[in-house]
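*Asks:* Before anything else, here's the structure in question.
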Amino acid sequence: MGLQTLFFYLFAIVSVGSALMVVVARNPVHSVLFLILTFVAAAGLFLLTGAEFLALILIVVYVGAVAILFLFVVMMLDLDFGRIKQGALKYAPIGAIIGFVLLAQLVIALSGGYYQPAPSAGTVLPIPPLETMSNIEAIGHVLYTRYVFFFQMAGLVLFVAMVGAIVLTLRHKPGIKRQSIPEQVARNPSTAIEVVKVESGRGI
């Protein structure tokens, strides 16, 4: 067994194991940490296949930005996950249907020898030779020219989903002082200071 095969099995086992722990872990912070480990292992697999651009994207974008952002959001919101999971059983039938559909898609994808639809000629792009253009340059050229609209829309959808999750789960606890910018801006000398006349020889 060569060194490349050894690293492939190592990254594959770590990736599959950490992906399972993302779902199995009870603590959401631990789930995010296992998700980061999954991204790192998947980046190693991409490096072994020569797709260094995808590996760098996984490390820089997903691990360095998205996963860390999710980690801070989960830690800062201080959610009551016990209360959230109380009504999870009523969504079990819908979850079972979605799981069955995903399982069917995996079976179809793995049985490629029996189900091979012919790709459309309009969606296939020729791969330029490495002597004229690197794979990073080729992917960037296609992504930011032909698919730039879909690329920007995907980023917008992720941003809206993140903001919506924060808005739906954020709860203000009573009795905690918070900053109010309109009140600070509306302050004037009469409300900001108080002049107390102290008699001579007596304290406040």
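The values are calculated or read from the model by the stated rules, or taken from the named source; none is laboratory data. Computed from a predicted structure; not experimentally measured. Here the Cβ positions follow ideal geometry from the backbone for every residue, glycine too, while neighbour counts run over all protein chains shown. Areas reflect the complete protein model, heavy atoms only, side chains present, ligands, DNA and RNA absent. Shrake-Rupley method; radii C 1.70, N 1.55, O 1.52, S 1.80 Å.
*Asks:* Any residue in the stretch 9-27 that is in a helix (DSSP H, G or I) sitting within a Cβ distance under 6 Å of a residue that is not aliphatic (A, V, I, L, M)? List the pairs, counting only those 6 or more apart or interchain.
*Replies:* F11/G44; S15/T38; S18/F34; S18/T38; A19/T38; M21/F34; V22/S31; V22/F34
*Asks:* Further question on the same structure: Of everything in the stretch 1-29, what is open to solvent by 90 Å² or more (accessible area, probe 1.4 Å) and farther than 21 Å from T49 by Cβ? Give them in sequence order.
*Replies:* L20, V23, V24, R26
*Asks:* A further question on this structure: Please go through the stretch 41-51 and pick out each residue that is closer than 13 Å to F7 by Cα and open to solvent by 30 Å² or more (accessible area, probe 1.4 Å). Let's see the steps before the verdict.
*Replies:* Filtering the stretch 41-51 for residues closer than 13 Å to F7 by Cα gives 41-49.
Across the stretch 41-51, the qualifying residues are L45, F46, L47, L48, T49.
*Asks:* Read through the list (1) open to solvent by less than 60 Å² (accessible area, probe 1.4 Å); (2) aliphatic (A, V, I, L, M); (3) modelled with pLDDT of 80 or more, then give the number of the only condition that V73 fails.
*Replies:* (3)
*Asks:* With (1) assigned to a loop (DSSP other than H, G, I, E, B); (2) under 26 Å from F70 (Cβ atoms) as the list, and G175 as the residue in question, which single condition is left unmet?
*Replies:* G175 satisfies all of (1) assigned to a loop (DSSP other than H, G, I, E, B); (2) under 26 Å from F70 (Cβ atoms) except (2).
*Asks:* Continuing with the same structure: Out of the stretch 185-204, which residues are outside any loop (DSSP other than H, G, I, E, B) and either open to solvent by less than 80 Å² (accessible area, probe 1.4 Å) or touching a Phe, Trp or Tyr at 6+ places or on another chain (Cβ under 6 Å) (or both)?
*Replies:* First, pick out the residues of the stretch 185-204 that are outside any loop (DSSP other than H, G, I, E, B): 185, 189-192.
A192, the sole residue that qualifies.
*Asks:* Residues that are under 27 Å from the mean Cα position of the chain (by Cα) and at negative phi: does the stretch 172-181 have at least one?
*Replies:* Taking the stretch 172-181 as the starting set, the residues that turn out to be under 27 Å from the mean Cα position of the chain (by Cα) are 172-173.
If we keep only those that are at negative phi as well, we get 172-173.
Yes, the stretch 172-181 contains at least one residue that is under 27 Å from the mean Cα position of the chain (by Cα) and at negative phi.
*Asks:* List every residue pair whose Cβ atoms sit under 7 Å apart, with the two residues 6 or more apart in sequence or on different chains, where the first one lies in the stretch 175-204 and is modelled with pLDDT under 80 and hydrophobic (A, V, I, L, M, F, W, C) and the second, anywhere, is assigned to a loop (DSSP other than H, G, I, E, B) and open to solvent by less than 100 Å² (accessible area, probe 1.4 Å).
*Replies:* Here the result reads I204/V196; I204/V198, each pair linking the stretch 175-204 to a residue that is assigned to a loop (DSSP other than H, G, I, E, B) and open to solvent by less than 100 Å² (accessible area, probe 1.4 Å).
*Asks:* Among the candidates A165, A154, single out the residue that is at pLDDT 80 or above and either in a helix (DSSP H, G or I) or exposed (fewer than 10 other Cβ atoms within 10 Å of the Cβ) (or both). So that I can check it myself, show each step before the final result.
*Replies:* Numbers: A165 fails: at pLDDT 80 or above.
Being at pLDDT 80 or above and either in a helix (DSSP H, G or I) or exposed (fewer than 10 other Cβ atoms within 10 Å of the Cβ) (or both) holds for just one of A165, A154, which is A154.
*Asks:* Something else now. Quick test of your reading of the structure: F149 fulfils all but one of (1) assigned to a loop (DSSP other than H, G, I, E, B); (2) at pLDDT 85 or above; (3) open to solvent by 90 Å² or more (accessible area, probe 1.4 Å); (4) not aliphatic (A, V, I, L, M). Name the failing condition by number.
*Replies:* (1)
*Asks:* Is it the case, given these coordinates, that L35 is in contact (Cβ under 8 Å) with a residue 24 or more places away in the chain, within 18 Å of L71 (Cβ to Cβ), open to solvent by less than 90 Å² (accessible area, probe 1.4 Å) and in a helix (DSSP H, G or I)?
*Replies:* Details: in contact (Cβ under 8 Å) with a residue 24 or more places away in the chain: yes; within 18 Å of L71 (Cβ to Cβ): yes; open to solvent by less than 90 Å² (accessible area, probe 1.4 Å): yes; in a helix (DSSP H, G or I): yes.
Yes, satisfied.
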